[in-house]
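Report on the structure given below.
Computed from the coordinates by the stated procedures, all read-outs in this text should not be read as laboratory data. This is a predicted model, so every value here is computed, not measured. Note that each Cβ is placed from the backbone with ideal geometry, even for glycine, and that neighbours are counted across all protein chains shown.
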Amino acid sequence: MIIKKRKIFNAFFQGLCFGMAFFVISVLIAILVRVFFGGAGVITPGFLLKKPIEGMTAGGIFPAIFGTICITVLMIIMAIPAGIAAAIYLTEYTGKEFLGRVIRASINNLAGVPSIVFGLFGVGFFILFVGRGVDRIMGFSLAFGQPVMLWAAATLALLVLPVIIVTTEEALNSVPVSLREAAFALGATKWQVVRNVVLPQARSGILTGAILSISRGAGETAPILFTGCAYFLPRLPVFTIPYVHIPVINPLDQFMCLSYHIFIMATQSTNIEATRPIQYGTTLVLIGLTFLLNLSVIIFRIYFRKRQR
Amino acid sequence: MNMNYNLQSSNLKASNIPGNASAKEGVKRFGDKRISDILVESRKTNVRRQRIQEFIIEKLLFVGGLAAIVFIALIFIFLFKEGIKAFFLIKPLEFIGTHILDFDDNRVFACMWQPVGESGKYSIIPLIIGSFLVALPATLISTILGVGCGIYLAEIATAKIREGVKPAIELLAGIPTVVIGFLCLTILATYVQNSFHTTFRLNAFVGAIGVSMVIIPVIASITDDALRAVPGELREASYGLGATKWETIWKVVVPAGISGVTASIILGMGRALGETMIVVMATGNAALVTGNVFSSVRTMTATIAAELGAVPQGGSQYCALFLVGSILFFITFVLNLVAEMIISRMRKKLRL
């Protein structure tokens, strides 16, 4: 009798755990399916390539897509070098010494800071302190000391820095020590070992971290609320270099962003119910973007693990 | 080095070099210097240059590593710098509550957050209550589901299923929070209102469900790691004593990995308190002092997100928002620190 009860218990709780995992996965699928069917109807080339018109109740979302890409590019330019340098320093130069432990602790804490606090910091430090300071020194009236793309990207870069550092560190740690030892035995210096042996081996792991941070940064909203995101901008944040006529991203302009567009359309636009299809369409584009990036990371990882074996 | 020497000397035919008087003496020369000396010298400068290069690179990398420390310190300084100003602009007692006149003209003590207007009221009590009213149910829901998922991944699922399920749970973490907030606002809120017959369509409970979507992956993934770090001998011993699989999981593996599970729950709670977009979209944003999860609330994060865009810099509301941000930062900082201490202690214990 007792054995039977124990067996039933065993089966029940194992089933329960399976049920929970199944539930979580089905929630994920439900979200994706709902967004897909809600938004697939409005996705047309016009929606993706045109500006919003008639007070954002019609037209496309091209400026938002463009703005998201711009800010992600800027963010990556700022975050990747610093993140990789920190990871190399942590794994190759200072191991478990005091300094290494302090750096690791601050990275962990940086990862746990709420995203809205990054937004506050962006306003208080980047815009008011650094931006206004640069304006004062250079004699501009108001160029850097206002919410612009540069500061939004810097805030996001700070947010994704721990992601890059942790994934890069993992990648560097997975390179076998024997390879390093072999290189050292040939008389290579530390930097030669890192550059010619460790980094090439860890390349795909570092790339994974970069993609992961792009997807994280592209979807984040709270840090850019006050650091440069615009409700509606009739122009693209681009300026043309005189004489040669090459358009480049203008980091001193405001921008539109997919995630902010969803937020503002769903909560504060003039006609929330009527623009539901546009909201779903924007959501589908954003989720498609981040989902593809994440999926590529997963596939990349599996492929890489197989190759390593 | 030796090879280099031979190579170079064979290229430099000694007799071809102008002014090479002593070519016949057998010592190879270039101009009036011995080639071996040149090589040693260049090797020396090479080594020196290399050392300088190494030094510079190490310092550059060090700066990169320092960035994390510097920015954590800067966040501390700049949040608290603006936050402390609030104490000079607003009386400290006003952060708890103010005396107001009620409908019968009696002076009553009330906790209100009404920063707009002549006499702004800056009680942060409703905001803190609001934050916890969202974070606690969210932590509860995601502890149950997250730990369940973690146990399933670590102990029950076969390797093949695990390889499919774990990335899927990670994908859930990769969905932008604004999307989850949007779906809570449009779909989930209606479901909750229809099934619980709540007065407010947007309430703390809707927000809590939304937030738990974000922290389930965190808890599941850390729980999975913690349980997988439990040595296999413990399981084998338990099976050897005749325990069933569930008894082994629940009475041996989970207690052995309990510190990791606890850490994951604390980290999840930190996330729940700091989550912004979901709560700003799905909790109704009414700063009420209430214990009812089905009423609208206003969290600390949502307050900052909703108000900072519209306040003049340096005003009392602006500083009050930074103070709210400092409190939030402090709470999550402590939670992270505790979780990290638990994890590092666990690592030490398991290594022994």
Modelled label reach - A:ILE3, point 7 Å along Cα→Cβ, segment B:241-282 residues with backbone N closer than 14 Å: B:242-244
Distance in nm between pseudo-label sites at A:ARG307 and A:ALA40 (7 Å out along the Cβ direction from Cα): 3.4
Stretch gain in nm, segment A:LEU49-A:PHE22, where the contour uses 0.36 nm per residue and the Cα spacing is subtracted: 5.9 nm
FRET efficiency, 1/(1 + (r/R0)^6) with R0 45 Å, evaluated for A:ALA274 and B:THR158 via beta carbons: 0.35
Gyration tensor (alpha-carbon) shape descriptor, chain B, a/c threshold 1.5: oblate
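Could you tell me the calculated FRET efficiency between A:PHE12 and B:VAL63, based on Cβ-Cβ distance and R0 = 56 angstrom, to the nearest 0.05?
Values: r = 56 Å, r/R0 = 1.01.
That gives a FRET efficiency of 0.50.
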Most to least packed among A:153-161, A:277-285, A:298-306 [average Cβ atoms within 10 Å]: A:153-161, A:277-285, A:298-306
Residue-span extension gain [B:PHE196 to B:PHE88] - 0.36 nm each, minus C-alpha spacing: 34.4 nm
Sorted peptide list for B:134-147, B:61-74, A:250-263, criterion being average Cβ within 10 angstrom, highest first: A:250-263, B:134-147, B:61-74
Label point distance in nm, A:ILE246-B:ILE52, each placed 7 Å from Cα along Cα→Cβ: 3.2
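How crowded by other chains is B:336-346, given as the mean number of beta carbons from other chains within 10 Å of each beta carbon? Kindly include the intermediate steps, with their values, before the conclusion.
Working: counts 7, 4, 0, 2, 5, 1, 0, 1, 4, 0, 0.
Per residue, the number of nearby Cβ atoms from other chains is 2 on average.
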Extended-chain gain in nm, criterion 0.36 nm per residue less alpha-carbon gap, B:PHE330 and B:GLU170: 54.8 nm
Two-site FRET efficiency, A:SER178 against B:PHE103, from Cβ-Cβ distance with R₀ of 56 Å, rounded to 0.05: 0.10
Prolate/oblate/rounded label for segment A:1-122 (Cα gyration tensor, a/c 1.5): oblate
